[in-house]
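Right, one structure below, let's go through it.
The values are calculated or read from the model by the stated rules, or taken from the named source; none is laboratory data. This one's a predicted model, so the numbers in the text were calculated from it and none came from an experiment. Counting neighbours? That spans all protein chains shown, and the Cβs are built from the backbone with ideal geometry, glycine included. The protein model used for the area step is the full one, side chains on, heavy atoms only, and it has no ligands, DNA or RNA in it. Shrake-Rupley method; radii C 1.70, N 1.55, O 1.52, S 1.80 Å.
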Amino acid sequence: MRPSSPAMLVVASNVDAADEADFNQWYDREHLEERVRLPGFISAARYQSEQAEHRYLGLYRAQSLDCFSSDAYQDAFRHQTEWSQTNLRRMRQPMRRVCRVLAEVGQGSGRYLLMLPLSIMARADELTAQARAFGQAHIQSSGFVRSCLLWPDAKLSQPLPNESLSNRLLRPLLLMDCSYEAARRRALELACLLLDGKEQDAARYDLKWKLFAEELKR
(Lines give C-alpha, C1' and ligand atoms only; values in the text may rest on other atoms or scores of the structure.)
Protein backbone atom coordinates (compact mmCIF):
# COMPACT_ATOMS: atom_id res chain seq x y z
CA MET A 1 0.00 0.00 0.00
CA ARG A 2 1.69 3.18 -1.20
CA PRO A 3 1.92 6.14 1.20
CA SER A 4 0.74 8.44 -1.60
CA SER A 5 -2.56 6.60 -2.05
CA PRO A 6 -5.66 8.80 -1.79
CA ALA A 7 -7.72 8.55 1.37
CA MET A 8 -11.38 8.65 2.32
CA LEU A 9 -13.28 9.37 5.51
CA VAL A 10 -16.46 7.32 5.91
CA VAL A 11 -19.11 8.52 8.37
CA ALA A 12 -22.40 6.66 8.67
CA SER A 13 -25.15 7.26 11.21
CA ASN A 14 -28.80 7.43 12.07
CA VAL A 15 -30.66 10.32 13.67
CA ASP A 16 -34.00 10.57 15.45
CA ALA A 17 -36.86 11.77 13.27
CA ALA A 18 -37.38 14.84 15.45
CA ASP A 19 -33.80 15.97 14.76
CA GLU A 20 -33.55 15.12 11.06
CA ALA A 21 -34.43 18.55 9.68
CA ASP A 22 -31.75 20.35 11.67
CA PHE A 23 -29.28 17.50 11.14
CA ASN A 24 -29.66 17.74 7.35
CA GLN A 25 -29.49 21.54 7.43
CA TRP A 26 -26.24 21.38 9.42
CA TYR A 27 -24.69 18.87 7.03
CA ASP A 28 -25.78 20.80 3.94
CA ARG A 29 -25.08 24.34 5.11
CA GLU A 30 -22.05 23.98 7.38
CA HIS A 31 -20.34 20.64 7.76
CA LEU A 32 -19.59 19.55 4.19
CA GLU A 33 -18.20 22.91 3.16
CA GLU A 34 -16.23 23.22 6.39
CA ARG A 35 -14.50 19.90 5.76
CA VAL A 36 -13.90 20.44 2.04
CA ARG A 37 -12.14 23.72 2.82
CA LEU A 38 -9.46 21.88 4.80
CA PRO A 39 -6.05 21.50 3.08
CA GLY A 40 -5.80 18.35 0.99
CA PHE A 41 -9.54 17.61 0.86
CA ILE A 42 -10.88 16.98 -2.64
CA SER A 43 -14.61 16.41 -2.20
CA ALA A 44 -17.43 15.47 0.14
CA ALA A 45 -20.64 13.65 -0.72
CA ARG A 46 -23.83 12.80 1.12
CA TYR A 47 -25.85 9.64 0.61
CA GLN A 48 -29.12 8.30 2.01
CA SER A 49 -30.55 4.80 2.30
CA GLU A 50 -33.95 3.36 3.11
CA GLN A 51 -32.65 -0.14 3.90
CA ALA A 52 -29.13 0.12 5.29
CA GLU A 53 -28.21 -0.16 8.97
CA HIS A 54 -27.26 3.53 8.78
CA ARG A 55 -29.66 5.87 7.01
CA TYR A 56 -27.07 8.59 6.31
CA LEU A 57 -23.59 8.26 4.83
CA GLY A 58 -20.89 10.85 4.21
CA LEU A 59 -17.79 10.20 2.08
CA TYR A 60 -14.91 12.69 2.24
CA ARG A 61 -12.08 12.21 -0.24
CA ALA A 62 -8.60 13.55 0.51
CA GLN A 63 -5.22 13.49 -1.18
CA SER A 64 -3.67 11.16 1.40
CA LEU A 65 -3.96 9.87 4.96
CA ASP A 66 -1.66 12.71 6.02
CA CYS A 67 -4.61 15.11 5.63
CA PHE A 68 -6.26 13.48 8.67
CA SER A 69 -3.25 14.04 10.91
CA SER A 70 -2.54 17.59 9.74
CA ASP A 71 -2.66 20.50 12.18
CA ALA A 72 -5.59 22.01 10.26
CA TYR A 73 -7.68 18.85 10.47
CA GLN A 74 -6.87 18.17 14.10
CA ASP A 75 -7.72 21.76 14.98
CA ALA A 76 -11.08 21.50 13.18
CA PHE A 77 -11.77 18.17 14.87
CA ARG A 78 -11.02 19.59 18.33
CA HIS A 79 -12.81 22.92 17.86
CA GLN A 80 -16.27 22.07 16.56
CA THR A 81 -18.92 24.77 16.31
CA GLU A 82 -21.85 24.59 18.73
CA TRP A 83 -24.05 23.48 15.83
CA SER A 84 -21.59 20.68 15.03
CA GLN A 85 -21.36 19.55 18.64
CA THR A 86 -25.15 19.40 18.88
CA ASN A 87 -25.54 17.29 15.76
CA LEU A 88 -22.61 15.01 16.48
CA ARG A 89 -24.34 14.14 19.75
CA ARG A 90 -27.55 13.45 17.81
CA MET A 91 -25.93 10.71 15.74
CA ARG A 92 -27.25 7.25 16.59
CA GLN A 93 -25.18 4.08 16.03
CA PRO A 94 -22.51 6.11 14.21
CA MET A 95 -19.51 4.66 12.37
CA ARG A 96 -16.35 6.59 11.51
CA ARG A 97 -13.50 5.18 9.44
CA VAL A 98 -10.47 6.85 7.86
CA CYS A 99 -9.32 4.67 4.99
CA ARG A 100 -6.70 4.34 2.31
CA VAL A 101 -8.24 4.14 -1.17
CA LEU A 102 -6.91 1.11 -3.06
CA ALA A 103 -7.59 -0.78 -6.30
CA GLU A 104 -9.49 2.11 -7.86
CA VAL A 105 -10.99 1.36 -11.27
CA GLY A 106 -13.04 3.83 -13.34
CA GLN A 107 -13.79 7.46 -12.58
CA GLY A 108 -16.62 9.73 -11.53
CA SER A 109 -19.59 9.29 -9.22
CA GLY A 110 -22.86 7.48 -9.80
CA ARG A 111 -26.25 7.99 -8.22
CA TYR A 112 -26.36 4.41 -6.93
CA LEU A 113 -23.67 3.42 -4.42
CA LEU A 114 -22.93 -0.05 -3.11
CA MET A 115 -20.91 -0.42 0.10
CA LEU A 116 -19.95 -3.96 1.02
CA PRO A 117 -17.98 -4.84 4.19
CA LEU A 118 -15.41 -7.59 3.60
CA SER A 119 -13.53 -10.04 5.81
CA ILE A 120 -11.44 -8.49 8.55
CA MET A 121 -9.12 -11.50 8.31
CA ALA A 122 -8.16 -10.83 4.70
CA ARG A 123 -4.62 -9.79 3.78
CA ALA A 124 -4.37 -6.31 2.30
CA ASP A 125 -2.37 -7.32 -0.76
CA GLU A 126 -4.63 -10.25 -1.62
CA LEU A 127 -7.84 -8.30 -1.11
CA THR A 128 -6.48 -5.37 -3.12
CA ALA A 129 -5.74 -7.69 -6.04
CA GLN A 130 -9.20 -9.21 -5.80
CA ALA A 131 -10.86 -5.78 -5.65
CA ARG A 132 -8.90 -4.64 -8.70
CA ALA A 133 -9.95 -7.79 -10.56
CA PHE A 134 -13.55 -7.08 -9.58
CA GLY A 135 -13.38 -3.57 -11.04
CA GLN A 136 -11.65 -4.67 -14.21
CA ALA A 137 -14.20 -7.43 -14.72
CA HIS A 138 -16.97 -4.86 -14.39
CA ILE A 139 -15.51 -1.82 -16.17
CA GLN A 140 -17.14 -2.55 -19.53
CA SER A 141 -20.50 -3.36 -17.97
CA SER A 142 -23.40 -1.02 -18.61
CA GLY A 143 -23.97 1.23 -15.62
CA PHE A 144 -20.48 0.82 -14.12
CA VAL A 145 -18.92 4.11 -12.97
CA ARG A 146 -16.16 3.38 -10.45
CA SER A 147 -15.07 0.89 -7.80
CA CYS A 148 -12.43 0.89 -5.08
CA LEU A 149 -11.34 -0.82 -1.89
CA LEU A 150 -11.24 1.15 1.37
CA TRP A 151 -8.70 -0.10 3.92
CA PRO A 152 -9.28 1.44 7.39
CA ASP A 153 -6.39 2.98 9.30
CA ALA A 154 -6.69 1.93 12.96
CA LYS A 155 -4.86 4.94 14.37
CA LEU A 156 -6.77 7.58 12.42
CA SER A 157 -10.24 6.00 12.73
CA GLN A 158 -11.09 7.57 16.08
CA PRO A 159 -14.70 6.85 17.10
CA LEU A 160 -17.45 9.45 17.11
CA PRO A 161 -18.98 10.54 20.47
CA ASN A 162 -21.83 7.99 20.43
CA GLU A 163 -19.98 5.21 18.61
CA SER A 164 -20.03 1.88 20.40
CA LEU A 165 -16.61 0.42 21.18
CA SER A 166 -18.04 -3.04 21.77
CA ASN A 167 -17.08 -5.38 18.90
CA ARG A 168 -15.91 -2.38 16.84
CA LEU A 169 -14.47 -4.05 13.73
CA LEU A 170 -12.48 -2.06 11.18
CA ARG A 171 -13.56 -4.08 8.18
CA PRO A 172 -12.32 -3.33 4.65
CA LEU A 173 -15.06 -1.85 2.47
CA LEU A 174 -15.75 -2.30 -1.22
CA LEU A 175 -17.36 0.76 -2.83
CA MET A 176 -18.97 0.77 -6.25
CA ASP A 177 -20.69 3.62 -8.02
CA CYS A 178 -23.32 2.79 -10.64
CA SER A 179 -25.53 4.89 -12.87
CA TYR A 180 -28.66 2.80 -12.35
CA GLU A 181 -30.12 0.26 -9.95
CA ALA A 182 -29.86 -2.87 -12.13
CA ALA A 183 -26.11 -2.30 -12.44
CA ARG A 184 -25.82 -2.12 -8.66
CA ARG A 185 -27.65 -5.43 -8.29
CA ARG A 186 -25.26 -7.08 -10.75
CA ALA A 187 -22.29 -5.54 -8.95
CA LEU A 188 -23.40 -7.02 -5.64
CA GLU A 189 -23.75 -10.49 -7.17
CA LEU A 190 -20.25 -10.30 -8.65
CA ALA A 191 -18.72 -8.87 -5.48
CA CYS A 192 -20.13 -11.69 -3.37
CA LEU A 193 -18.69 -14.18 -5.87
CA LEU A 194 -15.20 -12.69 -6.32
CA LEU A 195 -14.60 -11.15 -2.88
CA ASP A 196 -16.52 -13.51 -0.62
CA GLY A 197 -18.87 -10.73 0.43
CA LYS A 198 -22.21 -11.41 2.11
CA GLU A 199 -25.31 -9.98 0.49
CA GLN A 200 -26.93 -9.38 3.88
CA ASP A 201 -24.01 -7.10 4.83
CA ALA A 202 -24.38 -4.87 1.77
CA ALA A 203 -25.60 -1.29 2.11
CA ARG A 204 -27.22 0.48 -0.84
CA TYR A 205 -27.15 4.27 -0.87
CA ASP A 206 -28.43 6.94 -3.23
CA LEU A 207 -26.41 10.10 -3.80
CA LYS A 208 -27.97 13.27 -2.36
CA TRP A 209 -25.32 15.79 -3.39
CA LYS A 210 -21.57 16.27 -3.75
CA LEU A 211 -19.23 19.22 -3.25
CA PHE A 212 -15.74 19.60 -4.74
CA ALA A 213 -13.04 21.81 -3.28
CA GLU A 214 -12.55 23.46 -6.67
CA GLU A 215 -16.17 24.62 -6.63
CA LEU A 216 -15.87 26.57 -3.39
CA LYS A 217 -16.32 30.30 -3.43
CA ARG A 218 -13.32 31.73 -1.63
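Okay, here's what the table says:
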item: Alpha carbon centroid spacing (whole Å) that separates region 55-112 from region 154-210; result: 15
item: Carbon and sulfur %, accessible surface of the chain computed with the full protein complex present, 1.4 Å; result: 48
item: Area of Val101 that stays accessible when all protein chains are in place (1.4 Å probe, Å², to 10); result: 10
item: Computed magnitude of the charge dipole of region 33-188 (debye, nearest 20; Cβ of K, R +1, Cβ of D, E -1); result: 340
item: Reach of Lys217 by Cα under 25 Å, taken over lysines that are not fewer than 8 positions away in the same chain; result: Lys208
item: Value of D in µm² per second that Stokes-Einstein yields for region 75-218, Kirkwood Rh from Cα pairs, at 25 °C (0.890 mPa s); result: 147
item: Contact order relative to length of the chain, as percent, for alpha carbon pairs under 8 angstrom and 6 or more apart; result: 29
item: Computed FRET value (nearest 0.05) for Ile120 with Arg89, which takes r as the C-beta separation and R₀ as 25 Å; result: 0.30
item: Cut-off 11 Å between beta-carbons: net charge of the residues surrounding Gly143, Lys and Arg +1, Asp and Glu -1; result: +2
item: Accessible area expressed per residue, the chain, with surrounding protein chains retained (probe 1.4 Å, Å²); result: 49
item: Positive dipole terminus of the chain, leading residue within His54, Phe68, Ala17 (C-beta point charges); result: Phe68
item: Under 5 Å, built H, 5+ apart or other chain: amide partners of Ser64; result: Ala7
item: Test item: Cα-centred dipole of region 174-218, Lys/Arg +1 and Asp/Glu -1 on Cβ, debye; result: 240
